[in-house]
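**Student:** Take a look at the following structure, please.
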Amino acid sequence: MTGHLLIDGRLVTGAGPAFDVIDPATGEKHTTLTAADEAQLIAATTAAARAQSEWGALAQPERSRLLHAVAESIDAHREPLATSLTHETGRPLTRNHLYVDMARDLFRQYAELARAFGGRVAPSNDPGQLSLVLPRPYGVVACLVPWNYPLLLLVFKVAPALAVGNTIVIKPASETPLSLQVLAEIFAEHLPAGVVNTVTGPGPTVGEALVTDPRVDLVAFTGSTEVGKRLASLCAEAVKPSHLELGGKDPAIVFDDVDPGVAAEGVVWASFLNAGQVCTSTERVYVHRSRYDEFMDHAVKLTNSIRLGDPFDESTQVGPMRSERRRAAVVEMLDGAVAGGAEVLAGGHAVDGPGFFMEPTVVSGVDHEMELMQEETFGPVMPVMAFDDDETAFALAADTPYGLGASVYTTNPSRVERAYRELRVGTVWVNDPVVDNLAAPFGGIRASGDARELGVEALDSFTTLRHVHWNLELVPKPWWFREE
């Protein structure tokens with residue numbers, strides 16, 4: 001690789017400050033890179049702006065052909081992409097192979113969906129007129145990507161945005177720039193110069209400079225609600241649209257009409273996947289009191305059996321957290337709950353030794369006065385409360401400013417209907433938690449943002465509408481000013 005930034009079709013080395021990429025499984029430096037400087041950032045947005053008119057005007061079959069070429073190249077680079085993801089995230093290699101495959105499939109999906117993505121002909125006012133409603137690309141899209149899923153959440157944005165004619169400038173999280181280097185080589189090989197550009201560097205400097213750059217027409221961000229608010233305010237000052245996928249505090253409700261052992265398997269999975277570092281992780285669990293003891297017995301045994309370890313070992317189920325700072329924050333939140341009367345039934349400790357491992361943790365005796373039940377944990381902690389009736393369960397689940405997702409475990413259709421009618425979330429999972437369906441929209445409301453990714457709806461997210469009112473002939477109208 002001749003460089004780790006892609007600017008105007010060329011792979012170049014960053015001219016800004018150096019930064020280390022730490023492998024979270026070892027706690028040691030994996031590599032050192034350099035950030036983009038101001039001139040490179042300007043060059044990236046300028047290249048994207050220059051390339052957009054030609055890319056947007058390209059015939060859709062040709063644009064789709066190039067996206068298929070990207071997909072096939074992702075497939076050919078499956079192993080280096082998965083390996084890079086494992087070094088930068090600490091997530092098990094077996095899972096990262098799956099996410100590379102999903103990234104490939106998303107480019108294929110949007111290459112084809114865009115072929116059938118048009119507008120509509122609105123009823124005209126009078127004969128001899130056409131009224132066309134046309135989706136149009138925004139122009140240059142800034143994609144700011146988080147550290148927990150640096151490839152997949154990037155492709156959630158880039159694939160549909162490219163498919164409808166936008167050009168892109170990508171800024172990854174500084175912790176996780178490795179898989180993007182491989183992807184940048186793929187983009188450089190298959191796409192015209194300037195269509196995709198990449199920059200690296202800190203969010204408060206490079207990220208905010210990208211967001212406020214006048215050449216950027218739309219900001220697409222996935223990350224914390226706190227940072228999302230900051231970027232939204234910057235976009236508002238510039239009267240620039242934003243596409244925000246933010247945090248969550250997703251509840252799970254286990255009702256009394258399901259097998260508590262099977263439900264425990266689903267809840268434990270949803271709580272500890274990726275060491276709990278998923279915006280849609282189950283972070284609050286409510287179990288009917290008649291099933292509580294049996295559920296907890298299964299949940300504790302399952303949690304204690306989880307294989308924590310080397311992410312390159314095929315037997316590993318959960319890897320480390322991404323950083324010591326984030327692990328310490330989770331431990332602090334957990335300690336606060338214990339000080340308030342909560343009891344740790346499994347796990348509860350940072351693991352001694354190299355890397356940023358933390359034991360998957362089950363907690364009882366919690367309540368909604370605790371930060372653990374109110375603020376996003378983003379770590380492997382599963383707090384559980386009992387409830388006595390449906391009213392209490394739904395009230396507890398709804399007691400949050402977030403609105404990303406919710407899981408319910410029930411065989412009762414009335415409870416399912418109530419869940420998707422009452423719970424103010426973007427996704428309701430029933431008996432199958434934390435599943436992405438590439439054909440269906442994903443996103444949240446309220447403190448969880450306003451974006452919709454995946455599905456046909458993602459194409460809408462990356463287009464604006466243009467109305468064309470066309471009188472087929474130039475003839476005078478009776479209301480026009482006319483010479484006497």
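**Student:** In region 384-484, which trypsin sites (Lys or Arg not before Pro) fall in coil by DSSP and have 11 or fewer other Cβ atoms within 10 Å?
**Tutor:** Of the trypsin sites (Lys or Arg not before Pro), the ones in loops of region 384-484 whose Cβ has at most 11 other Cβ atoms within 10 Å are Arg482.
**Student:** Compute the relative contact order of the chain as a whole-number percentage, counting only Cα pairs closer than 8 Å that sit 6 or more residues apart in sequence.
**Tutor:** RCO, the chain: 18 percent.
**Student:** Hey, another quick one. Among the lysines, select those whose C-alpha is under 17 Å from the C-alpha of Lys240, and discard any that sit fewer than 8 residues away in the same chain.
**Tutor:** Lys229
**Student:** Could you work out the relative contact order of region 225-381, using alpha carbon pairs under 8 angstrom and six or more residues apart, expressed as a whole percent?
**Tutor:** Once divided by the residue count of region 225-381, the mean separation gives 23 percent.
**Student:** Mind sorting Met102, Met382, Met370 by how few other Cβ atoms lie within 10 Å of their own Cβ, fewest first?
**Tutor:** Ascending number of Cβ neighbours within 10 Å: Met102, Met370, Met382.
**Student:** Along the positive direction of the dipole of the chain (beta-carbon charges: Lys, Arg +1; Asp, Glu -1; about the Cα centre), which of Ala398, Leu273, Gly118 reaches farthest?
**Tutor:** Most positive-ward Cα: Gly118.
**Student:** Counting other beta carbons within 10 Å of each Cβ, put His97, His87 in order, fewest first.
**Tutor:** His97, His87
**Student:** For the chain, what does -39500 (n - 2.57) per DSSP helix run (n ≥ 4), summed and divided by total residues, give at 222 nm, in deg cm²/dmol to the nearest 500?
**Tutor:** The helix-only estimate for the chain comes to -12000 deg cm²/dmol at 222 nm.
**Student:** Quick one: what are the phi-derived ³J(HN,Hα) couplings along region 459-470, Karplus 6.51/-1.76/1.60 with θ = phi - 60°, whole Hz, x for glycine and proline?
**Tutor:** My calculation for region 459-470 gives 5, 4, 4, 10, 10, 10, 10, 10, 9, 10, 9, 10 Hz in order.
**Student:** Using only Cα atoms, what Kirkwood radius does region 250-430 have, in angstroms?
**Tutor:** About 16.3 Å, per the Kirkwood formula over Cα pairs.
**Student:** Let me ask you something else. How far apart, in nm, are two points set 7 Å out from the Cα along the Cα-to-Cβ line at Val435 and at Ser224?
**Tutor:** That separation, rounded to one decimal, is 3.3 nm.
**Student:** A further question follows. Assigning unit charges at the beta carbon (Lys, Arg +1; Asp, Glu -1) and nothing else, what dipole magnitude in debye, to the nearest 20, does the chain show about its Cα centre?
**Tutor:** Around 1560 debye, computed over the chain.
**Student:** Which lysines, if any, have their Cα less than 28 Å from the Cα of Lys301, not counting same-chain residues under 8 positions apart?
**Tutor:** Lys249
**Student:** Show me, bin by bin at 5 Å from 0, the whole-percent P(r) of region 315-418 based on Cα pairs.
**Tutor:** 2, 11, 20, 20, 17, 14, 8, 6, 1, 0
**Student:** Amide H neighbours of Thr282 under 5 Å, counting only residues 5+ apart in sequence or on other chains, H built in-plane at 1.01 Å?
**Tutor:** For Thr282, whose amide H was placed from the backbone, the distant partners under 5 Å are Ser271.
**Student:** Based on Cβ point charges of +1 for Lys and Arg and -1 for Asp and Glu, what charge dipole magnitude is obtained for region 91-227 about its Cα centre, in debye rounded to the nearest 20?
**Tutor:** 240
**Student:** Could you line up Phe255, Phe481, Phe117 from fewest to most neighbouring Cβ atoms inside 10 Å?
**Tutor:** The order, fewest Cβ neighbours first, is Phe481, Phe117, Phe255.
**Student:** In addition: I'd like the distance between the alpha-carbon centres of region 366-427 and region 61-111, rounded to an integer number of Å.
**Tutor:** Measuring centre to centre over Cα atoms gives 33 Å.
**Student:** Here is a follow-up. Could you give me D for the chain, from Stokes-Einstein at 4 °C and 1.567 mPa s, where the hydrodynamic radius is the Kirkwood radius over C-alpha pairs? Units µm² s⁻¹, please.
**Tutor:** Answer from the Stokes-Einstein relation: 54 µm²/s.
**Student:** Relative to a virtual label point 7 Å from the Cα of Ala122 in the Cα→beta-carbon direction, which members of region 456-470 show backbone nitrogen distances below 16 Å?
**Tutor:** Inside the label zone: 464-470.
Only the coordinates and a few stated rules stand behind these numbers; no lab work does. Please read all numbers here as calculations on a predicted model, not as lab measurements. Please note: Cβ atoms are built from the backbone with ideal geometry, for glycine as well, and neighbour counts cover all protein chains shown.
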